[in-house]
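*Asks:* Supplied in structure tokens, the structure appears directly below.
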Amino acid sequence: MTTELGRRIADWHIDRGEYTEARAELEQALEIALEIGDKREEAILYRVKARLIVATNGRVQSAEAALKKSIEIMGGMGARYEEALSRAALGRLKVGAPRKGRATRLEGVDDLCAAAATFGELELSERQAELLIETVELGEGVLEPHDSLGMLHEAEIALRPLRRNRNGDGGRADKMMEKIASLRTEFETEIARRATNTDPEPIARGGNGNDDSHADRLLRSLSRRLSAKKAFLYLRRSLEGPRTLGCCTGDALPALERLAFSPDKELIVSAGDLTGEGSECYGPFVAYQGFDSEGVVYMERALGSKPFTEQEAAEFAACSARLLRRIPPPVQGEGDGVFPRVVTRNSAMRDLIDRIAFLRNSSASVLMRGETGTGKGLFAHLLHDLGDRARTGSFVQVHCAEFPETLIESELFGHVRGAFTGAFTSKQGLVEKADGGTLFLDEVGDLSPTVQLRLLRVIEEKRLKRVGEARDREVDIRIIAATHRNLEMEIERDNFREDLYYRLNVVTLIIPPLRDRREDVPLLAEHFLSLYASAEGKSAPGVSAETMRRLKLYSWPGNVRELQNEIRRLVAILPAGASIQPSDLSERILHNGKASRFLRRPGQLSFQEQENNLQDALDSLEQEWIREALIEAKGKAKATARILGISPQLLHYKMKKYDFAAVDLD
């Protein structure tokens, strides 16, 4: 006990930078441990001694000697946990010490990996994963990317039981998984760059032509580098059913039938040629299926070729994982397809969809911002449907503005019998109903301060109390919040809690208004025309060129919802097969192409347009005026200047100032 107390005091002094006092306590404790024969404390004290040497910039060799002594003593005693701690400390010292060569740093990596393996054997999965991630970070510049990926894969496997059990470590495990995902992306990008000199673009789940060219290019480049005679990407489910890139599906299926993947076995590498049934033979091959993927990447060499080396297999796995992660997973929706259709050709919307696909399995809270009618609920549902939570829980949507303040607390968190007048039975709240899934809080800015405080506790502690209940209930939910309000301004007015804002705003997704993606208006109009005409048993009406021009000119303050309702009205009032003329449009749309469209007040701007100062707000409004005038004038400078009432020279100056490009009216 005396030696342990002295050791702890020495550690405390080191933490405070009081090295003289720490040295005195350490020497005294070590002397006592040697005198009474306390081997365990002696070994731990040598580890503390090494820490003191490093803290005082002493000789690295002396610190290494102390740690090796600690490892030797613990190994002789069979104290594997303490031995692993000392070995990890030795590894950190070798990897991070200045002026050390690559060979010594690699020895340090080996020590860290050995310590991590011991933690795994002792069923300390969290410590094992934590040390493997640390090894990858410390080994930057000395480890090859495929080695780092192998360690991250081991860490991921170690964490999976913790995430499934949710026995108190789930939140910490989730954070480490996010770290693994971030590091893995870096290394896979580097390996893909080295292997193929290309950066794969997103691949569509359906369609032909340009959508598949990026995958084909990657497969060809990688197969040339790895000397493979056959290479293909197989998607089990797509809009057209099973689909194969690189060869026909009939040629791919016999190869796929030989593969036996599992959650712990994502990469399969053959040792050489294989003989199948009858006279069928296969050359050396590699195959990869991601843990959460519906696709398989396969490469095979000619008969008699050399098997894939460990480094080649790791390079193949890294490129395959990166490729598969760019493919959105299939979703079983209410429609005929397996992936929800987002009607757009706008680059900002495509970037938004890519971000949603990337975030699908993250536990981070998401704040969706955008004007009314932009489709925040649609994208929130898409984010849920794409991820694993679609299989483990429900998507529960709460319209925060619908409930009066006296009811919202009970609706969200539930209540027990007798909690208030009229509570004759206990009731499960919407938060509990979302357990294992996603809770979507629409118009979260309308919540009262009391409900905001309770929601904050749910996010921070993953626990809640029903109204009138004393005990806590654990919940595992991912929160998506949406608002059209300027929450920063609401915080300044003391209407919204700042701490809750930061908890919700971990990731922000901004849905652009329809007026900022006018190229989507024809696509959306045709989509809604077909949808509602089919629902009413009519043939879809056509749209005249002048009508489409008016639709594109309109600013759509109600966004996609307003366009949807306008098309629905037109389908209802027009006979089957009719052509929609400008006179059929609503008055507000018909006359919006004139000067009235320039009269939008600052209060009608979206929160993205409401800048921090008056000049920024005026610049935003001026850009909008110029953009709409350019559309009406079909890109002609003189006509645009005439509409705006300014000279062509001033228009040229302002277009250069705001970096305007030509307007495409097709």
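*Asks:* Can you give me the long-range amide H partners of VAL506? Hydrogens built in the peptide plane at 1.01 Å from N, cutoff under 5 Å, separation of 5 or more residues or another chain.
*Replies:* SER365, LEU367
*Asks:* Apply the Karplus parameterisation 6.51 cos²θ - 1.76 cosθ + 1.60, with θ equal to phi minus 60°, to every residue of segment 67-76 and state each ³J(HN,Hα) to the nearest whole Hz, in sequence, with x for glycine and proline.
*Replies:* Values, residue by residue: 5, 5, 5, 4, 5, 4, 5, 5, x, x Hz.
*Asks:* Ok, one more. Taking amide H positions as placed 1.01 Å from N in the peptide plane, with prolines and chain starts having none, which residues 5 or more places from PHE395, or on another chain, fall under 5 Å of its amide H?
*Replies:* THR438
*Asks:* Go through segment 173-185 residue by residue and turn each phi into a ³J(HN,Hα) via Karplus (6.51, -1.76, 1.60, θ = phi - 60°); whole Hz please, and just put x for glycine and proline.
*Replies:* With the stated coefficients, segment 173-185 comes to 5, 4, 5, 5, 5, 5, 5, 4, 4, 5, 5, 4, 4 Hz.
*Asks:* As a test, work out the antiparallel percent of DSSP beta bridges whose residues both lie in segment 366-519, rounded to the nearest 5. Let's see the in-between values first.
*Replies:* Details: 3 of 22 bridges.
Antiparallel: roughly 15 percent of the beta bridges in segment 366-519.
*Asks:* In whole percent, how big is the carbon plus sulfur part of the accessible area of segment 423-562, probe 1.4 Å, protein atoms only? Mind dumping the intermediate values first?
*Replies:* On the way: 2920 of 5980 Å².
Carbon plus sulfur share of accessible area: 49 percent.
*Asks:* May I pose another question? Suppose all protein chains stay in the model; what accessible area per residue would a 1.4 Å probe give for segment 385-443, in Å²?
*Replies:* 49 Å²
*Asks:* About its Cα centre, how strong a charge dipole does segment 3-147 have in debye, to the nearest 20, once Lys and Arg get +1 and Asp and Glu get -1 at the Cβ?
*Replies:* That gives a dipole near 540 debye.
*Asks:* TYR501 accessible area, nearest 10 Å², 1.4 Å probe?
*Replies:* Per-residue accessible area (TYR501): approximately 20 Å².
*Asks:* Send over a whole-number figure in Å² for the accessible area per residue of segment 461-585, probe 1.4 Å.
*Replies:* On a per-residue basis, segment 461-585 sits at 45 Å².
*Asks:* Show me the trypsin sites (Lys or Arg not before Pro) within segment 1-57 that DSSP assigns to loop and that have at most 16 other Cβ atoms within 10 Å of their Cβ. Spell out each step's value before the answer.
*Replies:* On the way: sites: ARG7, ARG8, ARG16, ARG23, LYS39, ARG40, ARG47, LYS49, ARG51; in loops: ARG16.
The qualifying sites are ARG16.
*Asks:* If you place +1 on the Cβ of every Lys and Arg and -1 on the Cβ of every Asp and Glu, how big does the dipole about the Cα centre of segment 347-413 come out, in debye to the nearest 20?
*Replies:* 380 debye
*Asks:* Turning to a different aspect of this structure: Using the Karplus curve 6.51 cos²θ - 1.76 cosθ + 1.60 with θ = phi - 60°, what ³J(HN,Hα) values do you get for each residue of segment 386-399, in whole Hz, with x for Gly and Pro?
*Replies:* Per-residue couplings from phi come out as 6, x, 5, 5, 5, 9, 10, x, 9, 9, 10, 9, 10, 8 Hz.
The values are calculated or read from the model by the stated rules, or taken from the named source; none is laboratory data. For clarity, every value in this text was computed on a predicted model and none was experimentally measured. So basically every Cβ, Gly included, is an ideal-geometry build from the backbone, and we count neighbours across all protein chains shown. When the accessible area is computed, the model is the full protein with side chains, heavy atoms only, and any ligands, DNA or RNA have been set aside. Shrake-Rupley method; radii C 1.70, N 1.55, O 1.52, S 1.80 Å.
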